[in-house]
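Take a look at the structure below.
The values are calculated or read from the model by the stated rules, or taken from the named source; none is laboratory data. All values derive from a computational prediction rather than experimental measurement. Neighbour counts are summed over all protein chains in view; Cβ atoms, including those assigned to glycine, are modelled from backbone coordinates with ideal geometry. Note: areas computed on protein heavy atoms with side chains; ligands, DNA, RNA excluded. Shrake-Rupley method; radii C 1.70, N 1.55, O 1.52, S 1.80 Å.
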Amino acid sequence: MKSKIILFIIGFIIWMLLGWPPNLQHALAGIFAAGFVAALTGDMFTRRPHRFINPSRYLWFGYYVFLFLWECLKANIDVALRVVNPKLPINPGIVKVKTTLKSDTALTFLANSITLTPGTFCIDIKPESGILYIHWINVESDDLDKATKLIVDKFEKVLKRVFE
Amino acid sequence: MNEIIGYIFIVVGLAFDIFGCIGLLRLPDVYNRLQATTKCVTLGTSSILLGTIVIKGLAATSIKAFLCIIFLVLTSPVAAHALSRGAHISGVKLWGKSVCDKYAEDKKSKNREE
């Protein structure tokens, strides 16, 4: 039930933002639409609703957004330089890394961040054993532990505080 | 002043989009091409939208542009992930000079166990 209420609130906020500036008619339609979606799919949204209350998670999430944007910018400059370089300096391969994150949301965010950061690209996840297969445009090490340290570590610590 | 900053964002975004397209043409295999397109095109398009936000200020358009950025950043890596996984499962080979392919090794050893 809590999960449904959270989904309703988020859905309603997004509805109102999409239909800016707000008016009464729009808000009534939004209540129906968000309520309908929340009633149908609310149970799937989150399994541990009490985590939405904790404010320190939001602070860590803000920090994560800045870290992510910085890494994303570096990634883009790196890939752009590789692409325009006439020698095409790439050294690609698929490596295996390990993560200690368990929850679905955290794994999704980790995979997405890895995809959008320097030269790495998530191909498959095995959630039960915490293994990610990653395509690396410039392989520095195909060893499991070393690759984990280079790719996963910087995000894992922050994501753990946000989602676990 | 706001207009100048906004146009700078738009120009940078267009430049990254172009790099993404060049990458799509120059890089050798599916996986490398996805690398270039997801990264550069996501940031490029976000930067163009950010430019419109800066130019328009706090208005209905910029709120919609902001929501577009959020959905783009959330969905484009998932799409790329699905494409690459599908490509690997359907047997697309890596580029000849690739260093290693742990995914294929693991799949092979799993098949042997079964």
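Taking the residues in the stretch A:135-164 that are over 24 Å from A:PHE61 (Cβ atoms) and assigned to a loop (DSSP other than H, G, I, E, B) as candidates, determine which candidate is most open to solvent (accessible area, probe 1.4 Å).
Filtering the stretch A:135-164 for residues that are over 24 Å from A:PHE61 (Cβ atoms) and assigned to a loop (DSSP other than H, G, I, E, B), the one most open to solvent (accessible area, probe 1.4 Å) comes out as A:GLU140.
Could you check the stretch A:114-126 and list, in sequence order, the residues that are free of Cβ contacts under 8 Å to residues at least 24 places away in the same chain and in a strand (DSSP E or B)?
Within the stretch A:114-126, A:PHE121, A:CYS122, A:ASP124, A:ILE125, A:LYS126 meet the criteria.
Any idea which residue in the stretch B:37-64 is nearest to the chain's Cα centre (by Cα), counting only those that are over 22 Å from A:ILE77 (Cα atoms), of a type in the set (A, V, I, L, M) and within 11 Å of chain A (Cβ to nearest Cβ)?
B:ILE63
Please state which of the following conditions A:PHE121 fails to meet, knowing it meets all the rest: (1) farther than 30 Å from B:SER90 by Cβ; (2) within 13 Å of chain B (Cβ to nearest Cβ); (3) surrounded by 14 or more Cβ atoms within 10 Å (Cβ to Cβ).
(1)
Looking at B:VAL30 and the list (1) crowded, with 20+ Cβ neighbours inside 10 Å; (2) touching a residue at least 40 places away in the same chain (Cβ under 8 Å); (3) touching a helix residue (DSSP H, G or I) at 6+ places or on another chain (Cβ under 6 Å), which single condition is not satisfied?
Checking B:VAL30 against (1) crowded, with 20+ Cβ neighbours inside 10 Å; (2) touching a residue at least 40 places away in the same chain (Cβ under 8 Å); (3) touching a helix residue (DSSP H, G or I) at 6+ places or on another chain (Cβ under 6 Å), the one that fails is (1).
Within the stretch A:73-113, work out how many residues are open to solvent by 10 Å² or more (accessible area, probe 1.4 Å), under 18 Å from B:ALA36 (Cα atoms), touching a residue at least 40 places away in the same chain (Cβ under 8 Å) and not β-branched (Val, Ile, Thr).
Counting residues in the stretch A:73-113 that are open to solvent by 10 Å² or more (accessible area, probe 1.4 Å), under 18 Å from B:ALA36 (Cα atoms), touching a residue at least 40 places away in the same chain (Cβ under 8 Å) and not β-branched (Val, Ile, Thr) gives 5.
With the condition kept exactly as written, say whether any residue in the stretch A:55-62 is within 14 Å of another protein chain (Cβ to nearest Cβ), surrounded by 15 or more Cβ atoms within 10 Å (Cβ to Cβ) and touching a helix residue (DSSP H, G or I) at 6+ places or on another chain (Cβ under 7 Å).
yes
Under the condition of being among the charged types (D, E, K, R) and modelled with pLDDT of 85 or more, which residue from the stretch B:33-78 is least open to solvent (accessible area, probe 1.4 Å)?
B:LYS64
If you check A:LEU132, A:LEU69, which single one turns out to be touching a helix residue (DSSP H, G or I) at 6+ places or on another chain (Cβ under 8 Å), of a type in the set (A, V, I, L, M) and either part of a helix (DSSP H, G or I) or over 14 Å from B:ALA36 (Cβ atoms) (or both)?
A:LEU132
Is it the case, given these coordinates, that A:LEU88 is assigned by TED's automatic domain parsing to the domain that holds A:THR115 and more than 18 Å from the chain's Cα centre (by Cα)?
Here the answer is yes, as A:LEU88 does meet what is asked.
Report yes if A:ALA111 is part of a helix (DSSP H, G or I) and within 13 Å of another protein chain (Cβ to nearest Cβ), otherwise no.
The answer is yes for A:ALA111.
Would you be able to tell me the number of residues in the stretch A:86-98 that are closer than 17 Å to A:VAL152 by Cβ and in contact with a helix residue (DSSP H, G or I) (Cβ under 6 Å, 6 or more places away or on another chain)?
Qualifying residue count, the stretch A:86-98: 5.
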